[in-house]
1. Taking trypsin sites (Lys or Arg not before Pro) as exposed when DSSP calls them loop (any state but H, G, I, E, B) and at most 10 other Cβ atoms lie within 10 Å, what is the longest stretch of chain B free of them, the sites themselves excluded?
2. List the residues whose amide H sits under 5 Å from the amide H of B:Arg218, counting only those 5 or more places along or on another chain, with H placed 1.01 Å from N in the peptide plane.
3. Sorted from largest down, what three extents in whole angstroms do the Cα atoms of chain B have along their principal axes?
4. How big is the antiparallel share of DSSP beta bridges in the protein assembly as shown, given as a percent to the nearest 5?
5. Using only alpha carbon pairs under 8 Å that are at least six residues apart, calculate the relative contact order of region B:48-188 and give it in whole percent.
6. Rounded to whole Hz and in sequence order, give me ³J(HN,Hα) for region A:178-192 from the Karplus expression 6.51 cos²θ - 1.76 cosθ + 1.60, θ = phi - 60°, writing x for Gly and Pro.
7. Connecting C-alpha atoms closer than 10 Å in a GNM of chain B, tell me which of B:Val85, B:Val159, B:Val142 has the biggest fluctuation.
8. Under 8 Å for C-alpha pairs, at least 6 residues apart: give me the relative contact order for chain A, rounded to a whole percent.
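The values are calculated or read from the model by the stated rules, or taken from the named source; none is laboratory data. These numbers were taken from a predicted model, which means no experiment stands behind them. Note that each Cβ is placed from the backbone with ideal geometry, even for glycine, and that neighbours are counted across all protein chains shown. For accessibility, only protein heavy atoms count, side chains too; no ligands or nucleic acids. Shrake-Rupley method; radii C 1.70, N 1.55, O 1.52, S 1.80 Å.
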Amino acid sequence: MSTDEKTSPDTLPAYEHFAVEKNPSTVSEYMQAWWVKVRAGDLGSLPIIVGLIVIAAIFGSLNETFFTSRNFTNLLLQMAGWATIAIGIVFVLLIAEIDLSVAYNSAVGAVVMTLLLRPGDPGWPWPLALGVGLLVTTLVGLVMALIITKAGVPSFVVTLAFLLALSGVVLILTTLFTTAGTILIQDRVIKGIANSFLDATVFGIFGFWGWALGIGMVAGYGGSELMRYRSRKSSGLPTKPLSVIALQVGAGAVVILAAVYVANLDRGVPTVMLIVLALVAFWTFVATKTRFGRHVYAVGGNPEAARRAGIDVDRVRIAVFMICGLMAGFGGVILASRLSSVATNSGGGNLLLNVIAAAVIGGTSLFGGSGRVVSALLGALVIASVENGMGLLGLASGTKFVITGMVLLAAVLVDALSKRGRAAAGIR
Amino acid sequence: MTEPILRCEGVSKHFGAVQALYKVDFEVASGEVMALVGDNGAGKSTLIKGIAGIYPFDEGQILFDGSRVRIHSPRDTAALGIEIVYQDLALADNLDVVANMFLGRERVANGVVLDEASMESSARETLDSLAVTTLRSVRQTVAGLSGGQRQSVAVAKAVMWNSKVVILDEPTAALGVAQTRQVLDLVRRLADRGLAVVIISHNLHDIFEVADRITVLRLGQRVAVFRREETTQQEVVHAITAGTLNVVPGMQKDEGYA
Ligand SMILES: Nc1ncnc2c1ncn2[C@@H]1O[C@H](COP(=O)(O)OP(=O)(O)OP(=O)(O)O)[C@@H](O)[C@H]1O
Ligand SMILES: [Mg+2]
């Protein structure tokens, strides 16, 4: 055991080894500990931060529009739907499965909702139509999960079959009532989801609710860190030093408030960000603070260990595919709202690739058991930046595909290489 | 000898054509260390996994505290107060030590939120009380632990639950001299506390040190049960390699082979 040598002299009896466990207590010690982890392949959010800086530098230098506030809000609108769908993909990847049907499933949800909204035919109120759309995509997740768990067929194959079948369903449903194959959404609320901004002026401040959202996020982040600090302190457990917490929350605050500031220079923070951030926060809570979340990680890490610990592994798998279906539904609605329509080609094109890439680029491992919900958001930001930047440069479709493919490949390589590094260093 | 707390009567298990267990009786009493020995493939782990609810026995019954129990899943076994440390340790590599020790039985505060602080405190307490560990941190992922450290975590996990029966499948196989010593001491201490302990091992020296009784399996059948003070290592070795079988594999006309 090489780690023994580092921690304490061999003369100490075993239990004292344990007692003298050393935790970093200053900012610089903390940075050192972090650097050791990074070198061992535990990269955390590092690749994404580096990636974003590189992408911004490239497109910023090639096109002056990239760094405008108008483009920034466009970017947020562009990534919202992808980030939402990618949340579901993160869960599926965590249990070491895959859902290739998400893109068309998301379109099915949007099409069902749109059809139910058609004025006078049947002209359902939006909450009902939205609810049914989400119900359908969740049920698709349930059916696939039942086949995967009960029949023991790999998720790759089952969801591939559903990819094909659901693309057919989208075609059938969109051409059922119109020959054009495009159905407009006329409901104001649904259209508003991805086409409105937190642009109200309250107390003479433009974008007041955007600021409120930003400050609320910072407060939530700082508050949860402090609560953790206090509960560990009161149980006599080692804690992260307050100076490190202050620094992390401070850095988060700068980034978040800068984003709000820039968005408010243009039309304000897109309303849809409220939904996306709420979903990210909720699912982060589920993944990290609940028993279910813990079981998801366990099933991804070692299903046999989970089973022997009395966890109903199949139930966890089924729940995860239903979550993926539900998030596909939400994402599909956001994407449809942005275009104010659904069409025969909804759910097609790059969508599947983009959402899986978002989850992986954000740092969720394809090998299961490792990743965070927020990686959906970060990864979608990267993908949207690349797509957005290439759009500004007016690149041809072929070039765009090649570049997007290379970005995904880079992300997967980082994952595989860091996994190898982690295995060598013996960390997760 | 007191009434056995755990008792298997005539349990059998086959995997395809392999009859891993054939009508085996097995018992362990509170306050006793029962060793389970036998050659590779004798059926020791299979017996344990059947008791654990990993898979059901084909026939036979399990009695706990005198009454018949049905075990359908690992959860049932844990609910009875039976804890098992598996040969293949069954820890989730991507989770930290605390998460592994509480896996499937996490504590929650106010109904939903994981109570990490209380779980970490209990895990530390148990690990400290066992004094078998050289862990750097209980928040380290299990992937980074040595074989002995993983074993320690698995044992600590089993004893943390105030169980009545603790079953250890080759707990010292991966351990060095000092850690083996500590696990054996621990086994003795558990029995002295009134727990029933089942220990599987290929090391007869270790077994003669801690066991009160020794059950010998051979080719899926129980061939002998010895009291430690009334037997010798030679006698046990003989039973392991040449104990008399009730049924000679391949010769019986039992429906199990039909
Ligand atoms: N899951 C399984 N599928 C098929 N055969 C199995 C399975 N588990 C065990 N067996 C077979 O059952 C027999 C008994 O195996 P078991 O693991 O119980 O042996 P053991 O006594 O624990 O041996 P060891 O000392 O090597 O751990 C062996 O012949 C083995 O090949
Ligand atoms: Mg075995």
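1. B:71-252
2. Residues meeting the amide H criterion: B:Val223.
3. 58, 38, 35
4. Details: 32 of 49 bridges.
If we restrict to bridges inside the protein assembly as shown, about 65 percent are antiparallel.
5. 28 percent.
6. So the J values, rounded to whole Hz, are 10, 7, 5, x, 10, 10, 7, 9, 10, 5, 5, 5, 4, 4, x.
7. Fluctuation is largest for B:Val142.
8. The normalised contact order for chain A reaches 34 percent.
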